[in-house]
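Below you'll find the structure, written out as structure tokens, and then a few comments.
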Amino acid sequence: MSGLRARALRRAILHVDMDAFFVAVELLDRPELRGRPVIVGGSGTRGVVAAASYEARAFGVHSAMPSVRARRLCPDAVFLDGRHARYGEVSRAVMTIFRTYTPLVEPISLDEAFLDVTGSQRLLGAAPLIATSVRAQVHDELGLTCSVGVASVKFVAKLASEAAKPNATPRGADGGLGVKVVDDESILSFLHPLPARALWGVGPATLARLERLGVSTVGDIARLREDQLVAAIGDSAGRHLHALANGRDDREVEPERRPKSIGHEETFAEDFHDRTALEHELVRLADSVGARLRTHDLAGRTVNIKVRFHDFRTITRSVTFPSPIDSGHAIGAAGRSLLDHVDPSPGVRLLGVSVSGLADEATRQLTLDDALAAERPGSEGDGPSRWSDASYAMDRIRARFGDTAIGPASVAGERGLRIKRQGDQQWGPGAAERDPS
């Protein structure tokens, strides 16, 4: 265990990253698959890998890889379609354990989080000891393993957790530090040998510009003057990377982060060329987005759609309203108006709907149109206020009888309502899925 010291850190941040989380959860439920190469994700021809067991990683399989390529690399792998609800359930148990060590927990995704344990060291011991305790408790209570990075700088803690990860072999996970500590004196010696792409904000385009300056490592970035970086990649990005490369990151762990947007998208097993069928899918997505907004007591002003064509060309369209909305009807109507300007005839492989510009639902103001409609005797109206009331009534019915008890008529079929649930097809369609007729 590298750098495990009993000395308390001035500012102590842990980055905890679950090891092969989705696969590990599947193995909890299907222990007979232990020791075999297992891949979780979209098993269909348009799916992508969400996670791979260490046995599969030894063949070169990694997350975000097309499932078709993963099958070629590891033909004996067991493919499992992802179960977002199950992963969410286990993730909540993991986060509950984290919060027994500190209230300052910032979840980044289902399987990773930052923990600020600066104030916990007096009671629980130095940060490296806390990291070891976290790993032990997660393993003992949930049967899962995790890797932990410890540092006084947020992004260094994340890079340290990557350095603590196990190695992939055909026999499974082998070795790994488990906990990697980077104290203040070691930050630069830890950072500078890393490849430049290890820094937050260095994507393919930025990396290409940096390489033209002769940059290949984080140390190379640190040796450049800030004005050189600004000239090469822009003011904000240049200053940001110069600070990170020199070990500076003052961002705090934020336990209560409001999402910037809420949305759903779906990759279809076969391309859609028909606008009517595409509109049905849009209504289905909009209904689910509205339900999630209301669950979190949020509403949003901007509706966005994302359309990806058969050749992977992707376009986005958006419309902003004067006041926030949260009903599937209003989101769907806005989405349809945006879709009117999109030609689906080349073939649409993915459709997404999201709402941004979020605010607490309680802050939404009644518009003049709403007020006039409400006062009109005998008016049935079609305003946002009436649809909001209908949406909350639908929420209560679903809470009592299940989410397929009621929904938009256009998403009903021979097998009932096709409700879009969070995480459905997050990694593409499964091998058995076909587009609805």
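The values are calculated or read from the model by the stated rules, or taken from the named source; none is laboratory data. Since we're looking at a predicted model, the values are computed, not measured. Cβ sites come from the backbone with ideal geometry, for glycine too, and all protein chains shown count toward neighbours.
Structure data summary
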{"item": "Looking only at segment 332-391, and only at residues there that are of a type in the set (Ser, Thr, Tyr) and modelled with pLDDT of 85 or more, the one that is nearest to residue 288 (Cα to Cα)", "result": "354"}
{"item": "When residues of segment 259-283 are limited to those that are touching a strand residue (DSSP E or B) at 6+ places or on another chain (Cβ under 8 Å) and part of a helix (DSSP H, G or I), the one nearest to residue 332 (Cα to Cα)", "result": "282"}
{"item": "Residue 177 vs. criteria in contact (Cβ under 8 Å) with a residue 40 or more places away in the chain, in a loop (DSSP other than H, G, I, E, B), in the same structural domain as residue 76 (by TED's automatic domain parsing) and not basic (Lys, Arg)", "result": "yes"}
{"item": "Candidates 263, 328, filtered to the one that is touching a helix residue (DSSP H, G or I) at 6+ places or on another chain (Cβ under 7 Å), in contact (Cβ under 8 Å) with a residue 12 or more places away in the chain and under 30 Å from residue 103 (Cα atoms)", "result": "263"}
{"item": "Top-ranked residue of segment 145-164 - restricted to ones that are among the hydroxyl-bearing types (Ser, Thr, Tyr) and outside any helix (DSSP H, G or I), ranked as surrounded by the fewest Cβ atoms within 10 Å (Cβ to Cβ)", "result": "145"}
{"item": "Qualifying residue in segment 234-254 (condition: without any contact (Cβ under 8 Å) to a residue 40 or more places away in the chain and either touching a His at 6+ places or on another chain (Cβ under 7 Å) or among the β-branched types (Val, Ile, Thr) (or both))", "result": "no"}
{"item": "Failed condition for residue 81, given (1) within 18 Å of residue 162 (Cβ to Cβ); (2) crowded, with 18+ Cβ neighbours inside 10 Å", "result": "(1)"}
{"item": "Every residue from segment 287-310 that is assigned to a helix (DSSP H, G or I) and under 19 Å from the mean Cα position of the chain (by Cα)", "result": "288, 289, 290, 291, 292, 293, 295"}
{"item": "Candidates 215, 253, filtered to the one that is more than 30 Å from residue 300 (Cα to Cα), part of a loop (DSSP other than H, G, I, E, B) and of a type in the set (A, V, I, L, M)", "result": "215"}
{"item": "Elements of type strands (runs of 3 or more DSSP E) contained in segment 64-135, each with 1 or more residues being acidic (Asp, Glu)", "result": "105-109, 112-116"}
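Residue by residue, here is whether (1) more than 30 Å from residue 348 (Cβ to Cβ); (2) touching an Asp or Glu at 6+ places or on another chain (Cβ under 9 Å); (3) in contact (Cβ under 8 Å) with a residue 12 or more places away in the chain; (4) not assigned by TED's automatic domain parsing to the domain that holds residue 355 holds:
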residue: 173; (1), (2), (3), (4): yes, yes, yes, yes
residue: 200; (1), (2), (3), (4): yes, yes, yes, yes
residue: 207; (1), (2), (3), (4): yes, no, no, yes
residue: 216; (1), (2), (3), (4): yes, no, yes, yes
residue: 222; (1), (2), (3), (4): yes, no, yes, yes
residue: 228; (1), (2), (3), (4): yes, no, yes, yes
residue: 269; (1), (2), (3), (4): no, yes, yes, no
